[in-house]
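Please read the structure below before turning to the comments.
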Amino acid sequence: MHPGIWLRPGAARWLLPALGGWVGGVALQLTQKTLWPSWWYALALVLGLMAGIGLLLRQARSRLPAVTMVLVVATLSFGQVGLRAVVFQARGLPTVLEGRDLQVTGVVTTMPQFGAAGMRLHMRIESARAGGVPVALPPLVLLGWYSSNGGTADDAPQPAGSVPAVWAGERWLMTVRLKAPHGNRNPHGFDYELWLWEHGLQATGYVRTGGGNDAPLRLGQTGRYPVEWLRQAVRQRIDARLVESAQAGWITALVTGDQHAIERADWDVFRATGVAHLMSISGLHITLFAWLATRLANAAWRRSSRLCLRLPAPQAALLGGLLLASAYALFSGWGVPSQRTVWMLAVVCGLRMAGRSWPWPMVWLLAGVVVLVMDPWALHQAGFWLSFVAVGVLFASDSPAAGVARLRPWSHLRAMLREQWVMTLALTPLVLLLFGQVSLVGFIANLFAIPWVTLLLTPLALLGVLAPPAWDLAAVAVAVLAAYLGWLAQLPHATLVVPAAPAWIGVAGVLGGLLLVLGLPARFRIVGAALVVPVLLWQSPRPLAGQFELLAADVGQGTAVLVRTSHHALLYDTGPRYSRDSDAGHRVLVPLLRALGVELDLLVLSHRDSDHVGGAQSVLAMQARARLIGSIEPEHGLWALRQGHRCEHGQSWQWDGVVFTILHPRPEDYGEGVKPNALSCVLRVSASGGASAHAAAALLTGDIEAAQEGQLVQGAATLQADLLLVPHHGSKTSSSAAFLDAVSPRVALVQNGYRNRFGHPAAAPMARYAERGIRVVDSPHCGAMRWSSVEPGVVACQREAERRYWQHPGR
């Protein structure tokens, strides 16, 4: 490809460094833990602009070092992104308004997302009052509308009652309770706070429908979000047409981009078979739509000689294809994958209409910069890297066979197979780096799924908007695809799961994957293979013999503690059930255990409360060899999933020199009418120490209360522990003075939800910890909490280890 009029030799010398500098400046700004004052960013922006203009003027007369252009443009992009972040952050929810009843008037901006417990919607706030006084709220908030009981202060969905039909564009008057955008922070976990930031959501909350509050009042349809209204109307038509279809949500997702319509079990199958990218509105769908639209526009335009005289048919076809593809992307929700594809198509169309072409690295990098100008925080999205690396690999590995493929069908098939194989090899290290797992059947799954979805299923789904019977045919196509993918997902070893390697090993593996597919000499491919191997063989570090480490996961209002020795692992409780279709096991613990490469030997369920056993089913489904003990009643359904026995005082075992002892309950404590909290399994874990080492210990207490604490003080041989899991999340009925004196911990961990409705931890017990000089660390401020018997006085906080300015401080 030859440089065109837009890329003269002089321009080529500075454009590539400029594009690279923009990406570098954005990446640098996104590493900031806290934001600077706005004037610093404004200064960087002004200096970058002035220096950039000066360089462009001087470039016409003399050649400048590329590094100068990189630094100047990086300064410009750093200031621009930082200033945007400061302005956005300044509109956040005032702390004094959190948890208060607020009367708001606002407009629904998106089609609501329905779940088993109710619905969630985005609302643009027009006015708000607190106690009759006008207050300023963030422009856009995320609301849950559950049952008529008014919801809960920690956004825990309640059983759905009669929730009215809500449409995008409607204006409502309602009472809500809001809180700052706060999410769970765990190693290798999903950054919910970044997701909220990217979508412009600066508060979350729920609609108050009880407790003496006025019922929400619909004020009318504004017509301000017609695309979202149309998407919702189409979704409703699909649901009504395919009410009997088990996979109707697949068609809804392909037409409207509503990925929430797909069941969680189906997403598990997609991930196991490597086709998840096909079930969202991806670049592939938009590109195919653009290609079809270009062909149709070209044929229609050629029918009019007058139109052809005004604008050549090829150029009109390019414009028509781009506009129609943009409309499809907008209709399907304007997600980041759709956006970057549209910008890529716009760049290519612009160059072709100019009659010139750029080298592919320029087109590739320019499209990435355009996406980052619109959404700088997309740089932290896995989809951004997957799509751009995929496009870059296709550009870089282009072969002469592509031209021959146009002439002979067999050659076309060979080219398609080669392309799929190249993509699989190149992206596998990146997928492992981002997700810690990759489908081993993905190659054969995509060979069928890609043409089936793009050439048959998606066109039928879209045609159904105009001719609803096409949705019936699409449902048949979905059923065929579902059967095929389900069969592949059930094959032994369908998925390769590896522990999450350090970033530098992962980056080296991605580089190795690229070297394998770029058609380089054999010696480079050997180097590439060598770089990939460490990604596959990496193992997460484990404690030394005689020592143990503890990780208290951030699961919100609930308990989940992972204890690891040098060769064994135990999970104490599994966190809460967030809703009927979501729990801490699936959302937090399963990804965490996979990332750490942990195979559980034992699952301890302290008692039956849902904030302790809510994620147990998901964990047991993933951990085939884990045994089960707990105080849950014999008829509890979890015993049917895994055989085990109840916990009792005196049970003890040893792993790798670490002693585990059950201190409570006693056999006689089990009986009719005993509260679940009183039966909580209390587990003491003690390191062996050594001649010169302290035998550190941890005490995990479940939800015991003062009465059970008293029994432990009187009956246990030793309660002393360096670390205490605060009983009952710090409730008023626990953490008695005698108990704290007997345990005498250095640090105490509280696993609780941000602004939870129980008010945990309560002030009175926290005062008792403070009186004794015990350091208390909680989940909202710390995120996941790491502790090791080697350093018993130290607690490492996930929020501090990976702090970024968009994350909530958990105040």
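Provide the packing ranking of 635-646, 783-794, i.e. peptides ordered by the mean count of other C-beta atoms within 10 Å per residue, highest first. Mind showing how you got there, number by number?
On the way: 635-646: 13.5, 783-794: 20.0.
Taking the mean over residues of other Cβ atoms within 10 Å, the ranking is 783-794, 635-646.
By per-residue mean of other Cβ atoms within 10 Å, what is the highest-first order of 589-596, 166-173, 558-565? Please list the in-between numbers first.
On the way: 589-596: 21.6, 166-173: 19.9, 558-565: 26.4.
Top of the packing list down: 558-565, 589-596, 166-173.
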Next item on the list: For the stretch 194-330, give the percent of accessible area contributed by carbon and sulfur heavy atoms, probe 1.4 Å, rounded to a whole number.
Entry: 59
Notebook entry, point to check: By how many degrees, 0 to 90 and rounded to 10, does the Cα axis of helix 503-517 deviate from the longest principal axis of the chain?
Noted result: 40
Margin query: Through the Karplus equation 6.51 cos²θ - 1.76 cosθ + 1.60, θ set to phi - 60°, convert the phi angles of the stretch 116-125 into ³J(HN,Hα) values in whole Hz; use x for Gly and Pro.
Written below: 5, 9, x, 8, 10, 8, 9, 10, 8, 6
Checklist line | Estimated vicinal HN-Hα couplings, Hz - the stretch 20-28 in sequence order (Karplus 6.51, -1.76, 1.60; Gly, Pro = x) | finding: x, x, 5, 4, x, x, 4, 4, 5
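What does the net charge come to around A265 if you take all other residues with beta carbon closer than 14 Å to its beta carbon, with K and R at +1 and D and E at -1?
Working: positive: R264, R271, R580; negative: E263, D266, D268, D581, D583.
That sum, taken over residues with Cβ under 14 Å, equals -2.
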Note to self: Among DSSP bridges having both ends in the chain, what percentage is antiparallel? Round to the nearest 5.
What the structure shows: 75
Check: Excluding V176 itself, what net charge comes from residues whose Cβ is under 11 Å from its Cβ, given Lys and Arg +1 and Asp and Glu -1?
Finding: +3
Notebook entry, point to check: Any idea what the relative contact order of the chain is, in percent, if you count C-alpha pairs under 8 Å spaced at least 6 apart?
Noted result: 10
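Give me the number: length gained by fully extending A695 to A482, i.e. 0.36 nm times residue separation minus the C-alpha to C-alpha distance, one decimal in nm.
On the way: separation 213, 0.36 × 213 = 76.68 nm, distance 5.43 nm.
Here the segment from A695 to A482 would lengthen by 71.3 nm.
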Notebook entry, point to check: Mean separation of Cα pairs under 8 Å and 6+ residues apart, divided by the residue count of the stretch 517-636: what relative contact order is that in percent?
Noted result: 21
Next item on the list: Give the cross-link partners of K732 among the lysines, using a straight C-alpha distance below 22 Å as the criterion and excluding same-chain residues fewer than 8 apart.
Entry: K675
Next item on the list: Give the span of the stretch 414-546's Cα atoms along each principal axis, as three whole-Å numbers ordered largest to smallest.
Entry: 63, 47, 25
Notebook entry, point to check: FRET efficiency for S305 and R352, Cβ-Cβ distance as r, R0 = 35 Å, nearest 0.05?
Noted result: 0.95
Item checked: Residue (of M374, A165, L725) at the positive-pole extreme of the chain, dipole from beta-carbon charges -> M374
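Over its Cα atoms, what ratio of radius of gyration to 2.2 N^0.38 Å does the stretch 156-252 give?
Working: Rg = 17.1 Å, N = 97, 2.2 N^0.38 = 12.5 Å.
Compared with the compact-globule rule of thumb, the stretch 156-252 sits at 1.36.
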Margin query: 7 Å from Cα along Cα→Cβ at both W291 and L466: what's the point-to-point distance in nm?
Written below: 2.0
Next item on the list: Collect residues whose amide H, placed 1.01 Å from N in the peptide plane, falls under 5 Å from the amide H of L311; neighbours closer than 5 in sequence don't count.
Entry: none
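Where Rh is the Kirkwood radius over the Cα pairs of the stretch 247-332, the temperature 10 °C and the viscosity 1.306 mPa s, what D in µm²/s does Stokes-Einstein return?
Numbers: Rh = 14.5 Å.
Calculated translational D: 110 µm²/s.
How much length is gained if the chain between K675 and V135 is pulled fully straight, taking 0.36 nm per residue apart and subtracting their Cα-Cα distance, in nm to one decimal?
Values: separation 540, 0.36 × 540 = 194.40 nm, distance 4.42 nm.
So the extension gain works out to 190.0 nm.
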Check: Considering the values (i) 1.04; (ii) 1.30; (iii) 1.18, which represents Cα Rg over 2.2 N^0.38 Å as calculated for the structure under consideration?
Finding: (i)
Check: Can you list residues whose amide H is under 5 Å from G614's amide H, if they're 5+ apart or on another chain and H is modeled 1.01 Å from N?
Finding: T574, G575, R577
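Ranked highest first by the average count of other Cβ atoms within 10 Å around their residues, in what order do 98-110, 496-508 fall? Walk me through the numbers before you get to the answer.
On the way: 98-110: 19.2, 496-508: 16.5.
Taking the mean over residues of other Cβ atoms within 10 Å, the ranking is 98-110, 496-508.
Between L330 and T222, what FRET efficiency follows from the Cβ-Cβ distance if R0 is 25 Å, with the result rounded to 0.05? Before the final figure, lay out each step's value.
Values: r = 19 Å, r/R0 = 0.75.
That pair, L330 with T222, gives E of 0.85.
Determine the gain in length on full extension of the stretch F448-H645; use 0.36 nm per residue of separation and subtract their C-alpha separation, reporting nm with one decimal.
Working: separation 197, 0.36 × 197 = 70.92 nm, distance 4.66 nm.
Gain on stretching F448 to H645: 66.3 nm.
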Item checked: Where the stretch 286-390 is the region considered: accessible area per residue in Å², 1.4 Å probe -> 48
Margin query: At 1.4 Å probe radius, can you tell me the per residue accessible area of the stretch 538-583 in Å²?
Written below: 31
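Over the stretch 528-682, with every protein chain in place, what whole percent of the accessible area is carbon and sulfur at 1.4 Å, could you tell me? Please report the intermediate quantities before stating the final value.
Numbers: 3270 of 6090 Å².
Looking at the stretch 528-682 in its full context, I get 54 percent from C and S.
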Checklist line | the stretch 624-660 and the stretch 757-798: distance between their alpha carbon centers, rounded to Å | finding: 27
Margin query: Please list 3J(HN,Hα) in residue order for the stretch 241-247, calculated via the Karplus relation 6.51 cos²θ - 1.76 cosθ + 1.60 where θ = phi - 60°; whole Hz, with x for glycine and proline.
Written below: 6, 10, 4, 8, 7, 6, 10
Checklist line | Euclidean distance of C-alpha centroids, the stretch 479-527 and the stretch 181-246, integer Å | finding: 35
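The values are calculated or read from the model by the stated rules, or taken from the named source; none is laboratory data. All values derive from a computational prediction rather than experimental measurement. With ideal geometry, Cβ positions are generated from the backbone for all residues, glycine too; neighbour counts draw on all protein chains shown. Ligands, DNA and RNA are excluded from the accessible area calculation, which covers all protein heavy atoms including side chains. Shrake-Rupley method; radii C 1.70, N 1.55, O 1.52, S 1.80 Å.
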